[in-house]
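Please treat every number below as a calculation from the coordinates, not as lab data. Bear in mind the structure is a predicted one, so any value in this text is a computation, not a measurement. Glycine gets a Cβ as well: all are built from the backbone with ideal geometry, and neighbour counts include every protein chain shown.
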């Protein structure tokens, strides 16, 4: 078992709980009683999503440069698997939080009725089979069904956070979303990346008219395409007329990516601008990116119902690469930025995400639309079908409309990285959001 952190959630609360109203994350809507949260997850190994989310529920963490109290109490755990190195026993021992054998027991805290005010559902990592499209069949829908069953039996419906996309299967995802609407379950879902600092800062007016957009990542097919899609969608969903859905998607790889660019099917100029934001200089994206060797590119060509053309492009092999560029109608100007994830690779992305989750639980309302992730889930599944079939996939089922909401208050604007700098070593203890950085008074 790894070292248990000495500064536990309880010791932090004893020192600063009375000052909660003065800590980032407190809200006028903060209830008199701190919401009780159950965590349902696949595994909690080092750097798994459960690890990097739960550490910000167990300890204070930096958000926009301030020591931020979670504002909620983690009171029960359920793990679907416990492989070697799983941290669940350390949480139980170090924080006194009970672990249960079933989701029902975790949500009822060993009793007969729902005994929590919100649920973290983290269905990422662990050993699960793949389907014919190459997607890992994470048990997000199974988790959801078990969670909702308890709520129905107790006739009480509380907020749920679903990590990443809703499901590998569109029908499952649609059923989850519809059930959340029918039962009045506040549902937050999706990626951490749209909440990262934008360098340079990029703010486009609500109601902008986009002609084309490109989102770039440097990770694997499907799992990182999801994040690239969420980054893209978080930018373009606020366009004039809001989101109205996708008409078709096509997956291309290798030389076909560059052939499509030569044919004008996506803008290489936008991609060059986005990559230049990352390196601070012009980079030839058709060559190996500096220090990364030759890596086969792939892309998702998106044809929106309102005429917007967009691309999610995989370039190179950096897991920290998140860039976006777009052009508005009737303007030649390119708007572009690179998303900075902070030190420790992508680990610190989950601080802003944890804050958004906590605010959803406290306010009893999703702080940005779950429709974004429903839409992205459908686009991702269709793109994987295109990859397998090697053809354009029409998407009449993605005739989805929703309005964007301002989520700027949930974004990290960069002040945290003046405290937790690149020189601060990543902590090797299991739950240490600040590392060795000096916590501000």
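List of remarks:
- In degrees, nearest ten, helix 349-363 long axis to first principal axis of the chain (Cα): 60 degrees
- Note on the chain: GNM, Cα springs under 10 Å; of 84, 146, 352, the largest mean-square fluctuation is that of 84.
- Taking other Cβ atoms within 10 Å as a rough exposure proxy, 436, 360, 373 sort from fewest to most as 436, 360, 373.
- Whole-Å distance, taken between Cα centres, linking region 380-395 and region 338-360: 30 Å
- Centroid-to-centroid separation of region 146-176 and region 57-73 [C-alpha atoms, Å]: 26 Å
- Counted over the chain, the DSSP beta bridges are approximately 60% antiparallel.
- Once Rg and the Kirkwood radius are both taken over the C-alpha atoms of region 70-177, their ratio Rg/Rh works out to 0.97.
- Residue order, fewest to most surrounding Cβ atoms within 10 angstrom, among 151, 413, 384: 413, 151, 384
- Direction-averaged projected area, Cα convex hull, the chain: 20.5 nm², rounded to one decimal.
- Alpha-carbon centroid distance for the pair region 280-328 / region 75-114, whole angstrom: 40 Å
- The chain: most fluctuating residue of 336, 253, 370 per GNM, C-alpha cutoff 10 Å: 253
- Rounded to 10°, Cα long-axis angle of helix 268-279 versus longest principal axis of the chain: 40 degrees
- Each peptide in 93-100, 287-294, 71-78 gets a packing score, the mean of other Cβ atoms within 10 Å over its residues, and the list from highest to lowest is 71-78, 93-100, 287-294.
- Counting other Cβ atoms within 10 Å as a rough exposure proxy, the listed residues 191, 48 run 48, 191 from fewest neighbours to most.
- Only helices enter the 222 nm calculation for the chain: every DSSP H run of n ≥ 4 contributes -39,500 (n - 2.57), and dividing by all residues gives -9000 deg cm²/dmol, rounded to 500.
- Using C-alpha pairs below 8 Å separated by at least 6 residues, the relative contact order for region 198-340 is 40 percent.
- Per residue Cα convex hull volume in Å³ - calculated over region 198-340: 103 Å³
- Here the Gaussian network model covers the chain, with springs between Cα atoms less than 10 Å apart; of 342, 414, 134, 134 fluctuates the most.
- Taking the chain and dividing mean pair separation by its residue count, relative contact order in percent (alpha carbons under 8 Å, at least six apart): 21 percent
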